[in-house]
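The next block holds one structure in the form of structure tokens; read it before the comments.
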Amino acid sequence: MKTLLSGGTIYDFSPDSRCIPGGYLGMEGGRIAFVSEAKPKEFVADREIDCQGCVVLPGFVNCHTHLAENLFKGLMDEVAFEGLFYSTLFRWEGQLDPDMVYWGSLSGALDALRCGVTTVADMYHHAEATARAVCDAGLRGYVGQKVLGFSLDRPPELVNGKVNYNFDFPAFSQQLDAALSFASQWQGKCDGRITTSIAPHATNTLDRRMFAEIARQARDHNLGIHLHLAQMASERETIIAREGMGCVEFLADVGMLDVPVLGAHAIFLKEGEIELLKKHRVTISHNPYPNAKDAAAIAPVPAMRSAGVTVGLGTDAFQMNMLETARFAALLNRVQLGDPSYLSAEETLAMATIEGAKALGMEQEIGSLEAGKRADIVILDLAALNTQPVDDPLKNLFYCGDVSNIKYTIVNGEIVFDEGRFSGVQESTVQQELRRVSTKLWSKIQRLKRGT
Ligand SMILES: [Zn+2]
């Protein structure tokens, strides 16, 4: 199947950073065949999509998600996240089963496609259910099974304001074995759309011996790591008290940074730790929306970027709107720096695409529109009033665009979101099943609250 996108303004986000007004992009066998100003005569398309008036971008790479956490939507807002975390969230997560995770993940995967996201980096329980959902939706995923230092049957508890982590090495080992088994079974599955990782939850929710074991297994199995890194003030304080060092220093000390690590958040860093991130090529998912929502601090994005650390963007739980996330990242950092030119539209959209691909170690395959790469593309129509009149398409899109402008999302050369419709699955079925599993989960949570 040969598909031709014709007449759109193509921003390729390649090293040459080309903008091609009225350009042509050919796709064949799931990959980009060419990106050019003129249509090559020898390319005879089976399908041609008129992209006049549209912007054609690489699909967004969402560097940090928990697709199935959709099931908790509305249950965790406007509360102190840190308290909720140890007293409640793990208990709720213990109520999940693979059926719930599948439908929660599938609803998140469709929402991702609706938002122009073509790749998610997801970490959660029952990762096989998430991988199946990513696969069925037609999305691409860097998926890891979450590993904790305790059993969800006996999660951490708050005792006199202090967290007792209830570390349990046999329970951890069981989870690590399951994570490794998932990683080996799913690597490269779904026409190469699934890449697997190991996902230890956070620096404070596993101990030194556990991290050392994960580092050893990751090296042996050639797997990357995706974890929460310095997300909360209490996480940093715990590691300083437990290990006498910061979160990044601890990971380096235990050998974890000898393998590729994607750290989510990176807010509460100690002095000198940004250099350590750079030295060990740790990549970061900046998630400004949930961080602001939880009234946490703002991650030191300018310092990390100027030190040469790769910083992508993520939405974390509940929503998938990468365009809004990119805009919010730019504006938040501008306010902090007092500099209206910081993180231009192009620079920030690079964070949402090619820099995100680098953060996942997948930049050879995705993140830019170049011949030979996977055809992961988002096409946005600027015809609506919110983006008219058009002088600079990329700036119009960045400052005035929204999800309603997204016309097509293409993954692996397949049009998976086609003018409001999903090609892989029936949206009505997903809605129905989401209601079914969320009702079941909420009643379990109610029982938990009542202590019955
Ligand atoms: Zn997270």
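The values are calculated or read from the model by the stated rules, or taken from the named source; none is laboratory data. The model shown is predicted, which means the values in this text are computed figures rather than measured ones. Cβ placement follows ideal geometry from the backbone for every residue including glycine, while neighbour counts extend to all protein chains displayed.
For segment 335-379, give me each residue that is part of a loop (DSSP other than H, G, I, E, B), touching a residue at least 40 places away in the same chain (Cβ under 8 Å) and of a type in the set (S, T, N, Q).
Across segment 335-379, the qualifying residues are 353, 368.
Examine segment 379-390 for a residue that is out of contact with any helix residue (DSSP H, G or I) (no Cβ under 9 Å at 6 or more places or on another chain), at pLDDT 95 or above and outside the structural domain of residue 260 (by TED's automatic domain parsing), and state whether such a residue exists.
Yes, segment 379-390 has at least one match.
Being of a type outside the set (Val, Ile, Thr) and either under 12 Å from residue 305 (Cα atoms) or not assigned by TED's automatic domain parsing to the domain that holds residue 323 (or both) is the filter here, so list the residues in segment 264-284 that pass it.
275, 277, 278 - these are the residues of segment 264-284 that are of a type outside the set (Val, Ile, Thr) and either under 12 Å from residue 305 (Cα atoms) or not assigned by TED's automatic domain parsing to the domain that holds residue 323 (or both).
Could you please find all residues in segment 302-328 being modelled with pLDDT of 95 or more, small (Gly, Ala, Ser) and within 16 Å of the ligand (Cβ to nearest atom)?
If the condition is that a residue be modelled with pLDDT of 95 or more, small (Gly, Ala, Ser) and within 16 Å of the ligand (Cβ to nearest atom), then 312, 314 are the ones that fit.
For segment 100-142, enumerate the residues that are of a type in the set (Asp, Glu) and more than 17 Å from residue 428 (Cα to Cα).
Selection gives 122, 128.
Could you pull out every one of the strands (runs of 3 or more DSSP E) wholly within segment 86-201 that has 2 or more residues that are in the same structural domain as residue 323 (by TED's automatic domain parsing) and among the hydroxyl-bearing types (Ser, Thr, Tyr)?
So the answer is 117-124, 194-200.
Residues in segment 404-425: is at least one assigned to a helix (DSSP H, G or I), among the hydrophobic types (A, V, I, L, M, F, W, C), closer than 16 Å to residue 115 by Cβ and in contact (Cβ under 8 Å) with a residue 12 or more places away in the chain?
For segment 404-425, residues assigned to a helix (DSSP H, G or I), among the hydrophobic types (A, V, I, L, M, F, W, C), closer than 16 Å to residue 115 by Cβ and in contact (Cβ under 8 Å) with a residue 12 or more places away in the chain: absent.
Can you go through 401, 367, 451, 356 and tell me which one is of a type outside the set (Ser, Thr, Tyr) and surrounded by fewer than 21 Cβ atoms within 10 Å (Cβ to Cβ)?
None of the others qualify; the one that does is 451.
Tell me which residues, restricted to segment 76-131, are touching a strand residue (DSSP E or B) at 6+ places or on another chain (Cβ under 9 Å) and among the acidic types (Asp, Glu).
93, 111, 122, 128
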